[in-house]
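The values are calculated or read from the model by the stated rules, or taken from the named source; none is laboratory data. Please read all numbers here as calculations on a predicted model, not as lab measurements. Neighbour counts are summed over all protein chains in view; Cβ atoms, including those assigned to glycine, are modelled from backbone coordinates with ideal geometry. The accessibility values were calculated without ligands, DNA or RNA, using every heavy atom of the protein model including side chains. Shrake-Rupley method; radii C 1.70, N 1.55, O 1.52, S 1.80 Å.
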Amino acid sequence: MQGLEGSTPELDWNAVYGNQLPRIYNYFRFRVGPAHDVEELTARTFEKAWRARAQYRCNLAGFSTWLFAIARNVVKDHLRSEAHRIRAAALSDMSDSPTPEDGAMQSSDMARLLTLTAQLPERHKELIALKYGAELNNRMIARITGLSESNVGTTLQRIVISLRAQW
Amino acid sequence: MDDKFLHQLRREPPTDFATRLKSQLDRSAPTRPHSARWITGFAVFGAAFALVAAPSRHALLAFFESATISPPPPTQKTPISDNPATVEATDLPGGRPDWPRTDQPLRSGKAAAPAPALEPPAPQPALEPQPVADAVPSTANTSIAPIAGLPTVTPAVQAKRAVETRQALFRILSLITQPLDLMVQGRSPVELNLARISAIRLQRLAPMIPEVMHQDTRAISLDTRALENIWNEPADFQSKTEELTLAANALDHASETGDEAATLKAIVRIDMTCTACHDVYRKR
């Protein structure tokens, strides 16, 4: 990646990209669902992070926290924007047929999970996405969300029990 | 359902998406760190201060006067004063010119080339009464007056100019996005070249938004839709305007690759970005 290696000596930005892309991508899959949104939100998160990378001075663990803080803001903006509904409608008109992943999701476990989690509070959706989408441990989730580690563990346990009951 | 089941729902990002995004990231330049911004800011501020500071104005005034007026003969008494306000026009040969004279040689001693007929600037009607600073010598009757006059503009006039400037920028942005709106609404065909031109223009202009919105005009009652959140939450506002640059980058990339669907998607993203910012920072 041109010019990246020199900007922050502690980080190999190519490795960061390879390591963090699946996490961010799956975080959005668990958080918002449809494939076209996921790719766009993922791209937006990385673009913001990449533009600001020269300002980043920390280690990899800190970078992950920083990146997810950006991702969470991206989700917040996405959900807050009234236009995202218009956009979704416009995109559905644009595409002649759903993407393979869209089609598969409609009848998949993921779709079912999203239906169930749609009824949960935003904070719970966030925890699910961070834990199972981004595959972060409780400590990292606690750092990102500002909750205590034990609170994260307990809440997640309750959510999973609740989802299992409805499955 | 258990932890293992939930983890198994993860998917790897599509390879083409990962490659495309990486290529896009490779093309994006990082923003300068805050330290560099501060240095630039201080440099600009310092230059501006140097231009408007009284000693500098005196030096500039002296320079312009000496450049437009032939040196007095040695036998003639030349008024010596550091303060241009104490130099009376009648003390200078031919009086102090309000406008560069064409009938006198320049400093080099060579005859001045006949200049095109220049009309002296017409006196501007005063928009607002301007406070007179006692310590600052009057420069209204000199050729440097337009420079020296800038900082003495009243807050009301400054605010009015700021509003006019930012509204002008947003008119241009609206002009740029109009054809994109038509494309996404299906009212005009998707023209990749036009989309790319629009993207490039947006890339250039979007970073100007925080600059033109920098001046806080809340104290002055003006016809503006800007909400005060702009100045209450500058970091978020800045972030939202950066979103527009990113969206424009995405459109640039998509239109360059010739992918019509991706181009439409990028246009929708620009629309969303505008709306997300307007929702918070513009009156409905």
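The distance between label points at B:Asp259 and A:Ala118 comes to 2.8 nm (points 7 Å beyond Cα on the Cα→Cβ vector). Please report the net charge: other residues with Cβ closer than 11 Å to the Cβ of B:Ala162, K and R +1, D and E -1. Spelling it out: positives minus negatives among the neighbours equals 0. Peptide B:264-275 is shielded by partner chain Cβ atoms: per residue, an average of 5 of them sit within 10 Å of its Cβ. What pairs in B:Lys22/B:Lys283; A:Lys48/A:Lys131; A:Lys48/B:Lys4 have C-alpha atoms more than 26 Å from each other? With Cα atoms farther than 26 Å apart: B:Lys22/B:Lys283; A:Lys48/B:Lys4.
Buried between A and B is an accessible area of approximately 4500 Å², summed over both sides with a 1.4 Å probe. Using the Cβ of B:Ser239 as centre and a radius below 11 Å, the other residues enclosed give a net charge of -2, where K and R count +1 and D and E count -1.
Multiply the residue separation of B:Asp2 and B:Arg187 by 0.36 nm, subtract the distance between their alpha-carbon atoms, and state the gained length in nm to one decimal.
That works out to 61.7 nm of additional length.
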